[in-house]
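Working notes, structure below.
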Amino acid sequence: MEEMIIKGSVLALLLINGLLDLKKGEVSLLSLGGFALLGAGLNLALGFQRPWELAGGIAIGLALLILAFLTGEAIGFGDGLLLGVTGIYLGFWENLRLLALGTLCCALIQGIGVALRKVRLKDRVPLVPFLLLAFAGGLML
């Protein structure tokens, strides 16, 4: 039951923000704040992560925020914030896995788009829909 609540929360977070990222090229700070509070509350109530796992999960988002700053937002700040929130639920290793698989999905699909001349290499790409794809695919395995 605990795992269903956690995974359902992450799925809802990624679905809401994936659709927003596709439509508007941004994530909802309100939803990120709400899901962050929910995740913190669930973690306190259910104790599903140790403090260092929680900190490690959030650190992935912080690393992306630093990378966004250093690259002039080649990676968006919203992506870093979102991965900080997913880290509250998933911890370090699962959040790193989400980022790696989402990035891989993005690279593969965009690579096909470039090969078919549907997109250009310099086009901005929303990351959150690919994170959703990776997470949902992982739920099916």
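Here are some notes:
- Electrostatic dipole magnitude of the chain [Cβ: Lys, Arg +1; Asp, Glu -1; Cα centre; debye, to 20]: 520
- Phi to ³J(HN,Hα) by Karplus 6.51 cos²θ - 1.76 cosθ + 1.60 over the range 83-90, Hz, x for Gly, Pro: 5, x, 6, 4, x, 4, 8, 9
- Counting only DSSP H runs of at least 4 residues, each contributing -39500 (n - 2.57), and dividing by the residue count of the chain, the helix-based mean residue ellipticity at 222 nm comes to -28000 deg cm²/dmol.
- Take the chain and mark each of the trypsin sites (Lys or Arg not before Pro) that is in a DSSP loop with at most 11 other Cβ atoms within 10 Å; the longest unmarked stretch, sites excluded, is 1-116.
- Accessible carbon and sulfur surface of the chain relative to its total accessible area, %, 1.4 Å: 72
- Ile6, Ile16, ranked by accessible area, largest first (probe 1.4 Å): Ile16, Ile6
- Residues considered: Phe92, Phe48, Phe35. Largest GNM mean-square fluctuation over the chain, using C-alpha springs under 10 Å, is found at Phe48.
- A viscosity of 1.002 mPa s and a temperature of 20 °C, combined with the Kirkwood radius over Cα pairs in Stokes-Einstein, give a translational diffusion coefficient for the range 40-80 of 191 µm²/s.
- The orientation-averaged shadow of the Cα convex hull for the range 26-141, equal to a quarter of the hull surface, comes to 7.8 nm².
- Å² per residue, accessible surface of the chain at 1.4 Å: 60
- Value of relative contact order over the chain, rounded to a whole percent, pairs C-alpha under 8 Å and six or more apart: 28
- Spatial separation of Cα centroids for the range 75-138 and the range 1-46, in angstrom: 16
- Cα-based shape type of the range 62-111, given that a ≥ b ≥ c are square roots of the gyration tensor eigenvalues and the cut on a/c is 1.5: oblate
The values are calculated or read from the model by the stated rules, or taken from the named source; none is laboratory data. Predicted, not measured: the structure shown is a model, and the values here were computed from it. Cβ coordinates were reconstructed from backbone atoms using ideal geometry, including for glycine residues, and neighbour counts include every protein chain displayed. These area figures cover heavy atoms from the full protein model, side chains too; ligands, DNA and RNA do not enter into them. Shrake-Rupley method; radii C 1.70, N 1.55, O 1.52, S 1.80 Å.
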